[in-house]
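Undergrad: One structure is given below, represented as structure tokens, and several questions about it will come after.
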Amino acid sequence: GQDLALTPETKDAIAGEVMLAESDLAIGGMMVNADGKVMRRGDDHPTNGAQVYEVTPDSIWSDDGWLMSRARHFVEQGDKARLQQFADNEFLNKGKIKSDFTGSKLKESAVKAVLAYLTGQQSKNQALNALDDAIDNTRLGPNKFRKLKAMLTIRNSALALLRAEKTGAGDIERLRQRLNVQYDEFAQAFATK
């Protein structure tokens with residue numbers, strides 16, 4: 001079998017990534033900050049640079065959810081021209097609803113409501129209600145939020161332990177115990193039956 005022991009070079013490379021990861025890169029652009037808040041890095045703004053948002057149970061958690069949220073903005077503004085262009089680009093393919101949105105009743109009815117609003121067959125409120133239902137279905141929710149925060153917290157503990165082992169600074173045994181406790185709590189809380 002292949003020796004899986006980490007060479008000093010590999011440890012240095014990992015530690016380098018860890019140091020970066022703990023500062024500004026993170027799992028899926030996310031980390032738990034010093035205040036215990038889950039933060040997510042968004043797309044960089046052309047002039048303002050890095051954009052960082054707090055993640056909550058109410059956070060929209062899918063690309064489709066974000067698309068519907070943008071469509072909702074255009075409906076709310078009554079901007080039918082931009083909504084039409086957006087719908088053509090994101091929701092339709094050659095005039096038919098894209099399969100991304102037909103697999104879910106809520107998404108499909110939201111897209112249909114947008115199209116009906118554009119043709120005057122549905123009111124602004126009907127379109128907003130259908131979009132709200134579909135968007136709500138894409139939110140993270142309390143259970144997934146707890147799981148996400150727990151995973152990111154375990155990651156922080158693992159990074160602290162790695163750093164302590166590499167530098168010899170810090171109470172390695174205490175850090176190891178903390179990581180074990182967090183991992184055991186996670187395994188119990190989110191065990192798959």
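Undergrad: With the condition kept exactly as written, say whether any residue in segment 165-178 is under 26 Å from the mean Cα position of the chain (by Cα) and either under 20 Å from MET30 (Cβ atoms) or at pLDDT below 90 (or both).
TA: No, the conditions are met nowhere in segment 165-178.
Undergrad: From ALA160, ALA134, ALA191, which residue is more than 30 Å from ASP63 (Cβ to Cβ) and small (Gly, Ala, Ser)?
TA: It is ALA160.
Per-residue answers, yes or no, for (1) closer than 21 Å to ARG139 by Cβ; (2) surrounded by 13 or more Cβ atoms within 10 Å (Cβ to Cβ); (3) modelled with pLDDT of 90 or more:
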site	(1), (2), (3)
ASP24	no, no, no
MET30	yes, yes, no
ASN48	no, no, no
VAL55	yes, yes, yes
ARG72	yes, yes, yes
VAL75	yes, yes, yes
GLY95	no, no, no
ALA110	yes, yes, yes
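Undergrad: Test each condition in (1) surrounded by 15 or more Cβ atoms within 10 Å (Cβ to Cβ); (2) closer than 28 Å to GLY29 by Cβ for ASP136 and report the one that comes out false.
TA: It fails just one condition, (1).
Undergrad: Here is a further query. Determine whether segment 65-87 contains at least one residue that is at positive phi and touching a residue at least 40 places away in the same chain (Cβ under 8 Å).
TA: yes
The values are calculated or read from the model by the stated rules, or taken from the named source; none is laboratory data. Because the structure is predicted, anything quoted here is derived from the model rather than measured. All Cβ positions, glycine included, derive from the backbone under ideal geometry; neighbour counts span all protein chains shown.
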